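The values are calculated or read from the model by the stated rules, or taken from the named source; none is laboratory data. Predicted model, so just to flag it, every value in this text is computed and none were measured. Note: ideal-geometry Cβ built from the backbone for every residue, glycine included; neighbour counts use all protein chains shown. The accessibility values were calculated without ligands, DNA or RNA, using every heavy atom of the protein model including side chains. Shrake-Rupley method; radii C 1.70, N 1.55, O 1.52, S 1.80 Å.
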Amino acid sequence: MPIALPPIHIGGIELPPEPAEPPTPMDVYCAWNFCQHVEDRNRRFSIATTAQDIASPEDVSHARIYLHQVLHAAATGGPAGMADLQPLIVQAVQQLNNINQQLNQHMLATDQRFNQIDHRLNQIEGRQLEMFEVLCQAYNQGCRDGTQRPYKTIPFRLPDGGTELPETVGLPALQDARSIETLLDADLNTYLLRYNIPHAGNLNRATKVGRLKAFLGCTRQPW
């Protein structure tokens, strides 16, 4: 009796070719390879883009049953001497399983290395932002009150490592000393908060303005 193909329809995974009677070693390999793909889709469903790409537990069961049927038919229903190949078939399947396990371990180690590299890149980006802030502060110090040369804008740092210009969130541009000194109290507090400048609620306005000036590199004192 021919072995029916498993009732599985998963995007990106083709059914194996119909096995011969009795199954050949190539049929055994195709059945094993198909089973591995189905199990992989069940373990790593995050790589699937749609629900049709995910292997359910029932799919895994059907794939394993199909593999068992092919192995059994190849070992018991083949021509003379086929039964003697059963240990070799089982050994080959075990070797392939070992290879698959080694590949999974290698992929896990690779993912860990990528995570380490990503962490280091984030650290480098953080240092670059710090260097850019220092350069802007040094430039602004050379501009004195900013009336002849406007100050460079220091962007806000975002939690994800990116940056954001104050103007993009509705804050006035700080291009000279006067624009700092005439900030509305609400905008002043927002600047201090976004630049992570310490500012207790009981600080007077002059102290807050002085701290913001010092961070930006404004050298006009007093105001």
Inset, instruction - Mind grabbing the accessible area of residue 179 for me, 1.4 Å probe, Å², rounded to tens? - result: 30
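I need the shape label for segment 135-188. Rule: rounded when a/c is under 1.5, else prolate if a/b > b/c, else oblate, with a, b, c from the alpha carbon gyration tensor.
Working: a/c = 2.62, a/b = 1.29, b/c = 2.02.
Oblate shape, in that a/c is at least 1.5 and b/c is the bigger or equal ratio.
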Inset, instruction - Mind giving me the nanometre distance, one decimal, between the label points for residue 61 and residue 132, set 7 Å out from Cα along Cα→Cβ? - result: 5.6
Legend entry - Shape of segment 115-223, Cα gyration tensor, a/c cut at 1.5: prolate
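Could you give the length gained by full extension between residue 99 and residue 219, i.e. 0.36 nm per residue of separation minus their alpha carbon distance, to one decimal place?
Values: separation 120, 0.36 × 120 = 43.20 nm, distance 6.65 nm.
Once the chain is fully extended between residue 99 and residue 219, it gains 36.5 nm.
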Legend entry - Surface share of carbon and sulfur [accessible, 1.4 angstrom probe, percent] for segment 136-177: 47
Inset, instruction - Can you tell me how much longer the chain between residue 72 and residue 106 gets when fully stretched, taken as 0.36 nm per residue apart minus their C-alpha distance, in nm with one decimal? - result: 9.0 nm
Legend entry - Net charge dipole size for segment 124-223 [Lys, Arg +1 and Asp, Glu -1 on Cβ; Debye, nearest 20]: 380
Legend entry - Length added when fully stretched, residue 194-residue 167, from 0.36 nm per residue minus Cα-Cα: 8.5 nm
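Can you give the FRET efficiency for residue 91 and residue 119, using 1/(1 + (r/R0)^6), R0 = 30 Å, r = Cβ-Cβ distance, to the nearest 0.05? It would help to have the intermediate numbers written out before the result.
Working: r = 42 Å, r/R0 = 1.41.
So, using R0 = 30 Å, E works out to roughly 0.10.
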